[in-house]
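J.: Take a look at this one; I'll ask things after.
The values are calculated or read from the model by the stated rules, or taken from the named source; none is laboratory data. As the structure is a computational prediction, the values presented were derived from the model and not from experiment. Positions of Cβ are backbone-derived with ideal geometry, glycine not excepted, and every protein chain shown enters the neighbour counts. Accessible surface areas use protein heavy atoms only, side chains included; no ligands, DNA or RNA. Shrake-Rupley method; radii C 1.70, N 1.55, O 1.52, S 1.80 Å.
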Amino acid sequence: MIALVVNPIAGVGGPAGLAGSDGAAVQERAEALGSRRRAAERARLALETVAARSAAGASRPVVITAAGAMGEDVVRAAGLEPRVVFRASSRDGAGETTAADTTAAARALVDAGASLVLFAGGDGTARDVAAGLGTDAAALGIPAGVKMYSPVFAVSPRAAGALAAAWVAASEAGRSLPVQEREVLDVDEAQLRVARVEPRLYATMPVPYLAGRTQARKSATPASEHAAVVAAARGAVRSLRPGVRYLLGPGGTMAEVARELGVAKTPLGVDVVLDGAVVRAAASESELLDEIAAGPARAVVSVIGGQGFLLGRGNQQLSARVLRALGPDPLVAVAPEQKLIDLGGRPLLVDTGDAAVDARLAGFVRVITSAATTSIYPVTAPDAEASDPEGEGHAP
């Protein structure tokens, strides 16, 4: 049987540019800046895929879950039948469920017979689930957080649903999907906000694996490749045009672009640069929309090493609303060539939460790789790929 646990506040800090969602104060600030909760929505997308794939069967699967916002509400919204085996008893200062509740829920789901626990959240949620999972079940993350360095997440909510549906089908046929032991990594959010990105290994968990459905671990750029990053940044700066607002995303490559421009860069924020000057630092989604309304604009983004994400991991300020406002050619992509080589032919990924926007961005993108070179590289929308759960007919 499959199970679901949802971290209701996961990801709320992303569109606000807060580098995480931990703590009542951060959550209140994020919502004051206009961020909305999205974990339940992304979990619903996953379960709707399960429901659609089982619609032709004799009965839809029962989903073991926790009460209310921790899972039951989502299961019902997706048209599936919840079996509630856990009710949260603790609350934090804002009345939200706690990490201890997530851990206890994961344990209760496994004790109730779940063979696969789906969880909606980020790396912190993965840590909490791992603490309660034990060795009796597999788990799979529905990406809904801000930080998702761990390779325990599906590449999109619908990809998670497709994997879960394949898990159910395999179990009913007396088979099983491949499972890999994968790392649960996390970064302290306070350190993350001052640009100390040092993921630590907290646990491992068994994760169902199908090529193209589960994301890889984020890999750092080796110091030896710094010259290549500098070259790519110089190429990006040469491509910038006067009178255009450039939305510089987070990450080391974007920090190098800022250095080449001679401007300050917030380590994990999206900063707006116009004609060589920062006009808005660490902008939220709503502030970016204000800037775009003031004149021509494009987003400058890099590739997450190892994973291949352009959008949807750590740069949620560049939301579907922002990308729609940017128009038909919204992105300037920048990455040293080695990052593309290390993907081994896997496409770049976009996961904005809006299937139409993701589909529009899919195809090919020109990636600036040095001061004099570019690469035309494929981009895919993982939710479009989720129509083929076994990965047939797609590049790995």
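J.: How high is the FRET efficiency from Arg83 to Asp342, r the C-beta distance, R0 25 Å, rounded to 0.05?
T.: Efficiency for this residue pair is about 0.05.
J.: Please give the contour-minus-distance gain from His226 to Thr98: 0.36 nm per residue of separation, less the Cα-Cα distance, rounded to one decimal in nm.
T.: Result for the pair: 42.1 nm of gain on full extension.
J.: Continuing with the same structure: Taking the Cβ of Val129 as the center, what net charge do the other residues with Cβ under 11 Å away carry, scoring Lys and Arg +1 and Asp and Glu -1?
T.: Within the 11 Å Cβ shell, the charges total 0.
J.: Now a separate question. Can you compute the charge dipole magnitude of the stretch 64-180 about its Cα centre, using +1 on each Lys and Arg Cβ and -1 on each Asp and Glu Cβ, nothing else charged? Give it in debye, rounded to the nearest 20.
T.: In debye, rounded to 20, the stretch 64-180 gives about 160.
J.: Taking the inverse of the average 1/r across all pairs of different Cα atoms in the stretch 311-373, what Kirkwood radius in Å do you get?
T.: 12.8 Å
J.: Taking the highest mean first, how do the peptides 359-371, 161-173, 301-313 order by number of other beta carbon atoms within 10 angstrom per residue?
T.: Final packing ranking: 301-313, 161-173, 359-371.
J.: So who's got an amide H within less than 5 Å of the one on Val332, skipping anything under 5 residues away but keeping other chains? H placed 1.01 Å off N, in plane.
T.: Ala299, Val300, Val301
J.: Report, by chain and number, residues whose modeled amide H sits under 5 Å from the one on Val365, excluding near sequence neighbours (fewer than 5 apart, same chain).
T.: It is Tyr377, Val379, by chain and number.
J.: Highest mean first, how do 322-328, 66-72, 137-143, 246-252 rank when packing is the count of other Cβ atoms within 10 Å averaged over residues?
T.: 137-143, 246-252, 66-72, 322-328
J.: Counting only residues 5 or more places away or on other chains, whose amide H sits under 5 Å from the amide H of Asp186 once H atoms are built in the peptide plane?
T.: Close amide H contacts, sequence-distant or interchain: Arg200, Tyr202.
J.: Using a 1.4 angstrom probe on heavy atoms only, work out the carbon and sulfur share of the accessible area of the stretch 225-392 in %.
T.: The nonpolar share, carbon plus sulfur, comes to 53 percent.
J.: At each listed q (0.15, 0.17, 0.19 Å⁻¹), what is the log10 of I(q)/I(0) that the Debye formula gives for the stretch 225-392 modelled as equal alpha-carbon point scatterers?
T.: Debye intensities relative to I(0), on a log10 scale: -0.77, -0.99, -1.24.
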